[in-house]
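Q: Below: one structure in C-alpha cells.
What follows draws every value from the coordinates through simple rules; no lab data is involved. All of these numbers come straight from a predicted model, not from anything done at the bench. For neighbour counting, all protein chains shown are included, and Cβ atoms are generated from backbone atoms with ideal geometry for every residue, glycine included.
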C-alpha cells in the first residue's frame with residue numbers, strides 16, 4: 001500500500017467514524033452492528049479506490065480500514081475519558097442497567113444491579129478511570145475490527161477494476177515501465193542516424209522510435 | 001485467480017476462526033458469569049458489547065436465564081459468520097485473494113435490511129425467527145468476503161517485509 005495515498009482516506013474515514021460515534025443520538029447507529037465504524041472503513045476504502053491509479057487489493061482496503069478504526073478509537077477514547085472525568089453519561093448507563101433489572105424476574109439479579117448502580121455512583125475517581133480504561137481497550141479493539149471489516153467490504157463493493165489484469169511485479173531497483181524478462185543490455189543503444197531524422201526531432205520521428213535502416 | 005501460499009492462508013483462516021469462536025464465547029460468557037455471581041467481569045463484557053449492539057432485553061436470546069451479550073440479530077450474524085467460515089474451505093480455495101461477485105453480498109444483506117427497516121417503520125413486526133434467519137444468511141455470506149480480504153492483507157504485509165529486508 002506504500003505507493004498509494006492512504007493517509008488522507010484513513011484520516012477522513014477515522015475522523016468521520018469517531019465523531020459520529022460520540023455525538024449523542026447520532027451514535028445510536030453504532031448499536032446496529034457498529035454502523036458508523038463500518039461506514040468509516042468503507043468511506044476510507046472508497047477514497048483510496050478513487051485516488052489509486054490501479055485496482056485496490058482487498059488487503060489494502062483492510063489496512064486503510066484498520067488505520068481509520070485506530071483513529072476513530074482514539075477520538076472516542078479521548079472524549080469518553082473527558083465524559084468520565086466530568087460524570088457525563090452516568091444517568092443513561094444507570095437507566096440501561098435499571099431496564100435490565102426490570103426485565104429479569106430474578107430478585108437476586110435485581111439486587112445485584114441495584115448494588116452495581118450504587119457502587120458506580122460512590123466509586124472513587126481512580127477506580128472509575130480504571131474501569132473506563134478497561135472498557136476503552138475493549139471498545140478500541142472492537143472499533144478497529146469493525147472498521148477493518150468496513151474497509152474490506154468497501155473494496156468488495158466499490159472496486160470495479162478487479163477484472164483487469166494486475167500490473168507486472170518488478171524486482172527491486174528495476175526501472176519501472178520495463179517487462180522483467182528483458183535481457184540486461186536492453187534497450188540496445190543505436191548509433192545516431194546520419195543525415196538527420198527528417199526534421200521531426202526526437203528518436204525516430206513518426207517511425208515509432210525504431211532505428212532507420 | 002491470485003493464488004498465494006497455502007500456509008499463510010491456513011494461518012489467516014485459523015486465526016479468523018479462533019477469533020470468531022472467542023467472540024461467540026464472550027457473548028455467552030456475559031450471561032453465564034452473571035448467573036455464577038461474577039458481576040464485575042460480566043459488566044465489563046456487557047459494557048464492551050454495548051459499543052456494537054443496543055442490547056435491548058426484549059430482543060435478545062437468553063442463556064442461563066440472562067440475556068446474551070448482544071441482541072438476537074447480532075448473535076445470529078456472528079453465528080452465521082462461524083457457519084460461513086466452516087463452509088468456506090469446502091466451497092472456495094483458502095488461498096484465493098479475490099472476492100466473490102459483489103451482488104452476492106448485496107443480495108445477502110437485502111433480507112436483513114428489509115427485516116430491520118420494516119420493523120423500524122412499523123410496516124410489520126419482525127420476530128426472533130426472522131431476525132435469526134436473515135442474520136445467519138448475512139453473516140455466512142460475509143465470511144466469504146472477510147477471509148480473502150485478510151489473506152490478501154497478510155500477503156501484502158509479507159511482500160512489503162520481503163522488499164524491506166532485500167533493500168536493507
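Q: Go ahead and run the numbers for FRET between residue B:120 and residue B:62, Cβ-Cβ distance against an R0 of 30 Å, rounding to 0.05.
A: 0.80
Q: Take B:157, B:103, B:32 and order them by how many other Cβ atoms sit within 10 Å, fewest up front.
A: B:103, B:157, B:32
Q: Let me ask something else. Please report, to two decimal places, log10 I(q)/I(0) for segment B:13-168 at q = 0.11 Å⁻¹ as given by the Debye formula with identical point scatterers on the Cα atoms and no solvent.
A: -0.55
Q: Turning to a different aspect of this structure: Give me the distance between the Cα centres of segment B:21-42 and segment B:57-117, rounded to whole Å.
A: Cα centroid of segment B:21-42 versus Cα centroid of segment B:57-117: 21 Å apart.
Q: Simple spin-label model, 7 Å along Cα-to-Cβ: residue A:94 to residue B:83 in nm?
A: 4.3
Q: Compute the helix-to-body angle for B:102-121: its Cα long axis versus the longest principal axis of chain B, expressed 0 to 90° and rounded to tens.
A: 20
Q: Okay, next question. Going 7 Å from the Cα of residue B:41 in the Cα-to-Cβ direction, what parts of segment B:3-29 have a backbone nitrogen less than 15 Å from that spot?
A: Counting only backbone N, you get B:25-29.
Q: Indicate the gyration tensor shape class of segment B:58-132 (rounded, prolate or oblate), computed on the Cα atoms with a ≥ b ≥ c the square roots of the eigenvalues: a/c under 1.5 is rounded; otherwise a/b larger than b/c is prolate and the rest oblate.
A: Because a/c hits 1.5 or more and a/b fails to exceed b/c, segment B:58-132 counts as oblate.
Q: Using a Förster distance of 25 Å, how high is the FRET efficiency between residue B:129 and residue B:90, based on the Cβ-Cβ distance and rounded to 0.05?
A: Approximately 0.40, to the nearest 0.05.
Q: List B:17, A:47, B:68, B:10 from most exposed to least, where exposure is judged by having the fewest other Cβ atoms within 10 Å.
A: Going from least to most buried by this count: B:10, B:17, A:47, B:68.
Q: Sticking with this one: P(r) of segment A:1-71 in 5 Å steps, Cα pairs, percent per bin?
A: Each 5 Å bin holds this share of Cα pairs: 4, 21, 29, 20, 13, 8, 4, 1.
Q: Return the distance in nm (one decimal) between the two label points of a simple spin-label model at residue A:141 and residue A:50, each offset 7 Å from Cα along Cα→Cβ.
A: 3.5
Q: What list do you get for B:164, B:54, B:38 if you sort them by fewest beta carbons within 10 Å?
A: Ordered from fewest to most neighbouring Cβ atoms within 10 Å, B:164, B:54, B:38 come out as B:164, B:38, B:54.
Q: With the crude spin-label approximation of a point 7 Å out along Cα→Cβ, what separation in nm comes out for residue A:131 versus residue B:158?
A: 4.5
Q: Can you give the angle from 0 to 90° between the axis of helix B:6-35 and the longest principal axis of chain B, with both taken from C-alpha atoms, to the nearest 10?
A: It is inclined by approximately 20 degrees.
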